[in-house]
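Asks: Starting off with a structure, shown below.
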2 protein chains.
Amino acid sequence: MSQNGAGVDLETSLGYLLKEASSALRAAMEEVLRPLGMSVTHYSCLELLAQRPGLSNSELARGAFVTRQSMNVLLQALERDGYVTRPAKAPVGKALPTRLTPSGRRSLGAATAAVRSVEVRMLAGMTETEQAGAFRILRSMIRSLNDGDGNA
Amino acid sequence: MSQNGAGVDLETSLGYLLKEASSALRAAMEEVLRPLGMSVTHYSCLELLAQRPGLSNSELARGAFVTRQSMNVLLQALERDGYVTRPAKAPVGKALPTRLTPSGRRSLGAATAAVRSVEVRMLAGMTETEQAGAFRILRSMIRSLNDGDGNA
DNA sequence: GACGTTATGTCAGAATACTGACATGAGTCA
DNA sequence: TGACTCATGTCAGTATTCTGACATAACGTC
């Protein structure tokens with residue numbers, strides 16, 4: 001394997017490895033969330049609302065790394081099923097602050113436990129120091145990537 | 001921010017950070033690949049074929065982290081447009097070994113340069129030691145996640 | 001006040017990826 | 001040989017996400 005050095009070399013590419021890790025994490029999360037009838041984006045939305053009540057659709061979209069159009073589709077379903085509430089009229093601007101209902105909070109409970117177990121499993125065998133290093137390194141990557149985004 | 005310790009705590013969650021980094025990388029890749037009329041999966045497929053000629057549809061799917069059904073749709077388009085070739089009959093089993101055409105190789109050239117620049121940008125400000133650490137940590141995460149996949 | 005910029009919510013359509021299902025070929029084992 | 005398991009390619013339908021576009025509200029500058 002890896003008999004030429006012409007390309008990006010998938011065996012040693014940190015980008016490829018990052019994608020692989022993210023893919024494995026997503027698969028593991030989907031596996032534990034499926035029995036609860038919940039997708040990863042679905043869970044992310046609820047978790048965001050639990051930690052930061054009153055987030056708008058656009059803010060939730062940014063937090064869950066999807067477009068605001070996609071998040072809007074999800075929010076409409078969650079609202080219809082009684083997991084979240086949004087005021088009919090914006091208190092300021094156009095942003096509609098969203099909040100969990102008791103039903104939404106209850107639904108989130110089991111999901112949070114399941115997801116936490118996945119995260120614990122992911123960090124198994126890593127020391128505190130290594131986890132801190134991982135945190136710093138990922139932050140560095142994110143910052144470097146976002147720096148040269150659309151501007152100079 | 002982070003006013004309760006009940007949830008996963010997005011501010012300190014390595015899982016969330018991993019998703020954020022992967023999302024940033026994907027966005028950056030899409031940005032540079034779009035002018036070339038190529039998606040990330042599209043590029044991944046071509047790059048895989050360049051480094052490991054003769055990969056089957058299912059193998060390409062695993063390498064690009066999509067289902068074999070999704071990869072098949074892509075492969076049919078790539079074959080129709082003359083970027084890859086597949087034998088009409090499988091030399092052994094059902095697997096059809098896929099290969100890049102000169103046109104496919106040419107198309108990949110510019111994309112590889114663009115993607116490499118993104119990866120270089122991502123690693124900017126990281127020492128060799130840090131990159132090696134990142135590699136080891138990501139590998140550890142992947143292994144831990146895949147260990148308890150479907151079995152015990 | 002008038003204007004331009006930015007951010008937001010929303011609608012519509014297209015692209016992409018997924019799940020489910022089926023038939024086929026190879027390998028294993030009795 | 002026959003039955004079983006597994007991996008593969010493929011078809012069909014569904015679900016999810018995206019891009020493009022529009023109207024509206026807040027902010028800044030003139």
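Asks: So A:R34 clears everything in (1) modelled with pLDDT under 95; (2) charged (D, E, K, R); (3) surrounded by 15 or more Cβ atoms within 10 Å (Cβ to Cβ) except one condition, right? Which one?
Replies: So the condition that A:R34 fails would be (3).
Asks: Please determine whether any residue of the stretch B:11-22 is within 10 Å of DNA strand D (Cβ to nearest atom) and open to solvent by 30 Å² or more (accessible area, probe 1.4 Å).
Replies: Step one: list which residues in the stretch B:11-22 are within 10 Å of DNA strand D (Cβ to nearest atom), which gives none.
No, the stretch B:11-22 contains no residue that is within 10 Å of DNA strand D (Cβ to nearest atom) and open to solvent by 30 Å² or more (accessible area, probe 1.4 Å).
Asks: If you check B:V73 against the conditions, is it within 30 Å of B:L96 (Cβ to Cβ), among the β-branched types (V, I, T) and in a helix (DSSP H, G or I)? First the steps, then the outcome.
Replies: Values: within 30 Å of B:L96 (Cβ to Cβ): yes; among the β-branched types (V, I, T): yes; in a helix (DSSP H, G or I): yes.
So B:V73 fits the description; yes.
Asks: In addition: Of all the residues that make up the stretch A:44-70, how many are near DNA strand C (Cβ under 9 Å from one of its atoms) and among the basic types (K, R)?
Replies: Of all residues in the stretch A:44-70, those near DNA strand C (Cβ under 9 Å from one of its atoms) come to A:55-62, A:67-70.
Right, trim to among the basic types (K, R) and you get A:62, A:68.
Final tally of qualifying residues: 2.
Asks: Can you work out which of the residues in the stretch B:116-152 that are within 25 Å of B:G15 (Cβ to Cβ) and touching a residue at least 40 places away in the same chain (Cβ under 8 Å) is surrounded by the most Cβ atoms within 10 Å (Cβ to Cβ)?
Replies: Checking each candidate, the answer is B:M141.
Asks: Let me ask something else. Report the residue count in the stretch A:76-120 for those that are under 16 Å from A:E30 (Cα atoms) and assigned to a loop (DSSP other than H, G, I, E, B).
Replies: The number of residues fulfilling the criteria is 0.
Asks: Here is a further query. Taking the stretch B:58-94 as the search range and keeping residues that are modelled with pLDDT under 95, open to solvent by 40 Å² or more (accessible area, probe 1.4 Å) and among the aliphatic types (A, V, I, L, M), which one is farthest from DNA strand D (Cβ to nearest atom)?
Replies: That would be B:V92.
Asks: Name every residue in the stretch B:114-131 that is of a type outside the set (S, T, Y), within 10 Å of chain A (Cβ to nearest Cβ) and under 21 Å from the mean Cα position of the chain (by Cα), in order of residue number.
Replies: So in the stretch B:114-131, the residues of a type outside the set (S, T, Y) come out as B:114-116, B:118-126, B:128, B:130-131.
Now drop any that are not within 10 Å of chain A (Cβ to nearest Cβ), which leaves B:115-116, B:118-126, B:130-131.
Listed by number, the residues that qualify are B:V115, B:R116, B:V118, B:E119, B:V120, B:R121, B:M122, B:L123, B:A124, B:Q131.
Asks: Here's another thing I want to ask about it. Checking the structure you have, find out if any residue of the stretch B:35-57 is within 11 Å of DNA strand D (Cβ to nearest atom), assigned to a helix (DSSP H, G or I) and over 30 Å from A:F135 (Cα atoms).
Replies: Yes, some residue in the stretch B:35-57 is within 11 Å of DNA strand D (Cβ to nearest atom), assigned to a helix (DSSP H, G or I) and over 30 Å from A:F135 (Cα atoms).
Asks: Residue under question is B:T98, and the condition is that it be open to solvent by 30 Å² or more (accessible area, probe 1.4 Å), more than 9 Å from every other protein chain (Cβ to nearest Cβ) and modelled with pLDDT of 95 or more; does it hold? Please lay out each step first, then the result.
Replies: Working: open to solvent by 30 Å² or more (accessible area, probe 1.4 Å): no; more than 9 Å from every other protein chain (Cβ to nearest Cβ): yes; modelled with pLDDT of 95 or more: yes.
Against the criterion (open to solvent by 30 Å² or more (accessible area, probe 1.4 Å), more than 9 Å from every other protein chain (Cβ to nearest Cβ) and modelled with pLDDT of 95 or more), B:T98 does not qualify.
The values are calculated or read from the model by the stated rules, or taken from the named source; none is laboratory data. These numbers were taken from a predicted model, which means no experiment stands behind them. All Cβ positions, even for glycine, are placed from backbone atoms using ideal geometry, and neighbour counts span all protein chains on display. These area figures cover heavy atoms from the full protein model, side chains too; ligands, DNA and RNA do not enter into them. Shrake-Rupley method; radii C 1.70, N 1.55, O 1.52, S 1.80 Å.
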